[in-house]
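Have a look at the structure below, then the notes.
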Amino acid sequence: MTAMKTPILEVRGVSKSFGGLRALNDVNLTVQEGSIHAIIGPNGAGKSTLLNVLIGLIEADEGTITYAGERIRGLSPHTIIQKGIARVFQTPQIFPGLTLVENVAIAALAKRDGQFGLRILESLRPGHPVMAEAEEHLVDVGLAGHLRSEAQHLSRGDKRRLELALCLAARPRLLLLDEPTAGMSRHDTNSTIELLKHLSRKGMTKIVIEHDMHVVFSLSERITVLAQGTVIAEGAPQEVRGNPRVQEAYLGGAHT
Amino acid sequence: MSNITEAGLATGYARAASRQPALVTGTDLLVIGAFVLVVLTMPWWLVLIAGYEALATKIVIWAIFALGFDILLGFTGYLSFGHAAFFGSAAYITGLSLKHLTSDIVPAMAISFAGLFVIALVIGVLTLRRSGIYFSILTLAFAEMAHALILSSTLQAWTGGDNGLTGLPTPTLLGSPMRGLTVFYFASAFLVAGFIAALVIRRSPFGLMLRAIKENPMRLEYTGVNVFAYKMSAFVISAMYAGIAGSLTVIYEPYVATEYIYWSTSGEVVIMSVIGGVGTLIGPILGAGFMLYFENVIQGFIGEQWKLVLGLIFVFMVIFLPGGFVDLARQIWRSLGHRIRARRYNVPDMAPEADEDRLRRRLDREEAEAR
């Protein structure tokens with residue numbers, strides 16, 4: 001990581017309150033293009049809220065969010081996503097009654113046709129280019145086994161992989177991951193880390209929320225630590241690990 | 001996940017260059033052919049089961065209504081309780097055009113089509129902001145407002161108030177008056193076209209987006225899709241089917257009843273869909289046929305209490321067969337299949353091969369890891 005790289009995302013002074021609770025307090029965040037940036041912090045620190053604010057699921061009370069040189073705060077969620085952002089949620093968000101291929105095809109179609117298209121004279125049967133592409137993405141995440149079964153029958157870990165395949169099919173520039181390895185075996189966790197690293201080498205930027213310190217330290221190039229909605233530390237993994245404030249607020253118990 | 005390798009990802013999208021599959025396959029042509037045959041011969045076979053010719057026309061008209069309703073309810077999961085507003089408005093607009101402007105059906109239907117498009121857009125914009133029960137109640141409210149408007153003293157001079165719109169001429173098609181089988185075939189043409197269109201929509205990228213709305217609208221929005229625009233399109237398309245049915249009713253019987261725009265009409269199309277099988281396209285068509293056959297033929301055998309019997313059938317269906325007639329047919333088909341397989345091989349059903357393969361691969365992996 002050189003200082004010459006341009007930031008793909010810049011969050012400046014973002015705050016958000018829910019009633020009396022200040023979920024985000026003057027948060028600043030700079031993410032370099034092509035990097036893997038982890039956000040850590042204790043439960044309720046505002047990590048998910050921050051990701052929700054980025055994609056317009058929740059609107060910030062104040063502050064600016066600049067993505068690829070463009071202010072995106074206040075835009076509708078689908079407009080923000082169409083600019084090249086994808087989001088993996090904490091609870092896997094998939095289309096349960098649709099097949100795995102259909103799940104992923106939806107994201108590929110959203111990439112191809114934009115936010116809306118009255119595409120009626122096309123038949124999405126096996127062999128359609130979009131379906132073939134969806135299958136490729138499913139193979140990439142290791143779900144080649146049952147492409148045409150309904151997504152609702154998958155295990156929780158597999159649902160997470162399906163959601164990842166769905167997000168990858170949108171070919172995002174910036175991928176937001178909320179605990180991407182929760183509920184996975186150690187083996188699957190490692191393969192997911194490999195996949196994410198591989199995608200970064202191809203230039204995809206990632207912001208990862210993670211509780212598993214093994215994942216955080218083997219994956220990320222920069223770490224931002226949140227506690228009670230405030231950024232208490234930011235830096236390279238080694239700096240953050242050595243920071244006494246972080247150890248006190250968060251790592252103290254979990255550090256192994 | 002051992003297959004995640006540099007090579008594996010690098011070859012990605014290689015197959016994406018493949019050609020698009022044809023819009024209609026041989027199987028589709030068989031299905032459509034069978035459908036056309038059954039529909040077009042209805043006036044004759046309906047007589048064989050104690051029906052009558054005009055009932056066939058009525059069934060075809062309501063089948064169009066129910067089919068359109070399924071594009072909204074079956075695909076997107078939005079339950080409208082106000083589709084009478086579209087059926088009724090189209091009937092009134094068509095009736096008024098026939099009475100005051102032209103006795104030819106083509107311009108009258110064109111005017112009704114254009115008017116209904118605007119009505120559907122306005123009601124859609126105002127109701128689709130909400131989902132679930134709130135959407136249903138909003139659509140019901142708009143339909144009731146439309147009903148009140150038709151009966152209002154200000155519009156009574158035009159709409160005929162409580163008496164409905166009377167004194168309509170028999171509509172003409174290219175100069176000749178439409179009666180009997182002409183009406184039936186005219187309506188059937190719309191049903192067949194509507195059925196093919198619905199089949200094509202279901203398998204299209206557009207149709208997939210509609211089905212995704214039913215499954216998880218939030219995921220869809222956060223995949224970069226304008227969910228509202230898709231909902232709106234489905235709503236308008238569905239309203240246009242209802243509108244065609246409404247216009248055809250005026251040809252079937254040159255008269256517009258206030259009941260066409262009343263909530264009972266909305267309720268009837270909901271019951272047809274549920275009895276037939278929501279989301280199956282053919283189900284609601286069967287439901288429409290069943291309901292009208294029951295109301296007009298079976299009623300004569302049962303007598304006074306026919307509505308009670310119909311109600312019991314509906315309750316029975318909802319409790320034991322929520323998938324409707326189509327689900328019943330599927331279950332029978334499947335259990336027959338099971339029985340035949342069991343007899344032939346004398347073994348219980350096996351897990352699908354893909355799952356077995358997958359399990360074996362996973363076990364292999366875990367074993368290798370342990371070593």
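The values are calculated or read from the model by the stated rules, or taken from the named source; none is laboratory data. Please read all numbers here as calculations on a predicted model, not as lab measurements. Every residue, glycine as well, gets a Cβ built from its backbone with ideal geometry; the counts of neighbours run over all protein chains shown. Areas reflect the complete protein model, heavy atoms only, side chains present, ligands, DNA and RNA absent. Shrake-Rupley method; radii C 1.70, N 1.55, O 1.52, S 1.80 Å.
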Item to complete: For B:Leu191, indicate whether it is within 14 Å of chain A (Cβ to nearest Cβ), open to solvent by less than 30 Å² (accessible area, probe 1.4 Å) and either part of a helix (DSSP H, G or I) or farther than 30 Å from A:Glu163 by Cβ (or both).
Response: no
Worksheet item: For segment B:148-159, does any single residue satisfy the condition of being in a helix (DSSP H, G or I), of a type in the set (Gly, Ala, Ser), farther than 17 Å from B:Gly124 by Cβ and open to solvent by 50 Å² or more (accessible area, probe 1.4 Å)?
Response: yes
Item to complete: Could you please give the count of residues in segment A:113-150 that are more than 7 Å from chain B (Cβ to nearest Cβ), part of a helix (DSSP H, G or I) and over 20 Å from the mean Cα position of the chain (by Cα)?
Response: 3
Worksheet item: Of all the residues that make up segment A:90-101, how many are part of a loop (DSSP other than H, G, I, E, B) and more than 8 Å from chain B (Cβ to nearest Cβ)?
Response: 3
Worksheet item: Can you tell me which residue in segment B:170-188 is nearest to B:Gly243 (Cα to Cα), limited to those that are open to solvent by 60 Å² or more (accessible area, probe 1.4 Å) and assigned to a helix (DSSP H, G or I)?
Response: B:Tyr185
Worksheet item: Can you tell me how many residues in segment A:28-58 are in contact (Cβ under 8 Å) with a residue 24 or more places away in the chain and in a loop (DSSP other than H, G, I, E, B)?
Response: 11
Discussion item. Any residue at all in segment A:55-64 that's open to solvent by 40 Å² or more (accessible area, probe 1.4 Å), modelled with pLDDT under 95 and within 14 Å of chain B (Cβ to nearest Cβ)?
Written reply: yes
Item to complete: Using the structure shown, decide if B:Ile105 is among the β-branched types (Val, Ile, Thr) and in contact with a strand residue (DSSP E or B) (Cβ under 7 Å, 6 or more places away or on another chain).
Response: yes
Worksheet item: For segment B:183-204, does any single residue satisfy the condition of being of a type in the set (S, T, N, Q), over 25 Å from A:Leu109 (Cα atoms) and at pLDDT 95 or above?
Response: yes
Item to complete: Inspect all residues belonging to segment B:62-76 and state whether any of them is at pLDDT 95 or above, charged (D, E, K, R) and open to solvent by 40 Å² or more (accessible area, probe 1.4 Å).
Response: no
Practice prompt. For segment A:111-144, name all the residues that are at pLDDT below 90, under 24 Å from A:His198 (Cβ atoms) and surrounded by fewer than 19 Cβ atoms within 10 Å (Cβ to Cβ).
Written response: A:Ala144
Worksheet item: Taking the stated definitions as given, is A:Val104 at the interface with chain B (Cβ under 7 Å from one of its Cβ atoms) and not in a loop (DSSP other than H, G, I, E, B)?
Response: no
Practice prompt. Return yes when A:Arg73 is at pLDDT below 95, assigned to a loop (DSSP other than H, G, I, E, B) and more than 10 Å from chain B (Cβ to nearest Cβ) and no when it is not.
Written response: yes
Worksheet item: Here are some residues: A:Ile207, A:Ile232, A:Ile223. Which one is closer than 28 Å to A:Ser155 by Cβ and modelled with pLDDT of 85 or more?
Response: A:Ile207
Worksheet item: Given (1) within 9 Å of chain B (Cβ to nearest Cβ); (2) assigned to a helix (DSSP H, G or I), where does A:Lys159 come up short, assuming only one miss?
Response: (1)
Worksheet entry | Search result, residues across segment A:210-232 that are buried (at least 22 other Cβ atoms within 10 Å of the Cβ) and either at positive phi or without any contact (Cβ under 8 Å) to a residue 24 or more places away in the chain (or both) | A:Gly229
Item to complete: Among the residues of segment A:168-178, write down those that are within 8 Å of another protein chain (Cβ to nearest Cβ) and either part of a helix (DSSP H, G or I) or of a type in the set (Lys, Arg) (or both).
Response: none
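Residues are listed down the side, and each one gets a yes or a no for (1) open to solvent by 10 Å² or more (accessible area, probe 1.4 Å); (2) in a loop (DSSP other than H, G, I, E, B); (3) in contact with a helix residue (DSSP H, G or I) (Cβ under 7 Å, 6 or more places away or on another chain):
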residue: B:Leu79; (1), (2), (3): yes, yes, yes
residue: B:Phe87; (1), (2), (3): no, no, yes
residue: B:Ile111; (1), (2), (3): yes, no, yes
residue: B:Val118; (1), (2), (3): yes, no, no
residue: B:Ala143; (1), (2), (3): no, no, yes
Discussion item. Against the condition open to solvent by less than 40 Å² (accessible area, probe 1.4 Å) and either without any contact (Cβ under 8 Å) to a residue 40 or more places away in the chain or β-branched (Val, Ile, Thr) (or both), how does A:His78 come out, does it pass?
Written reply: yes
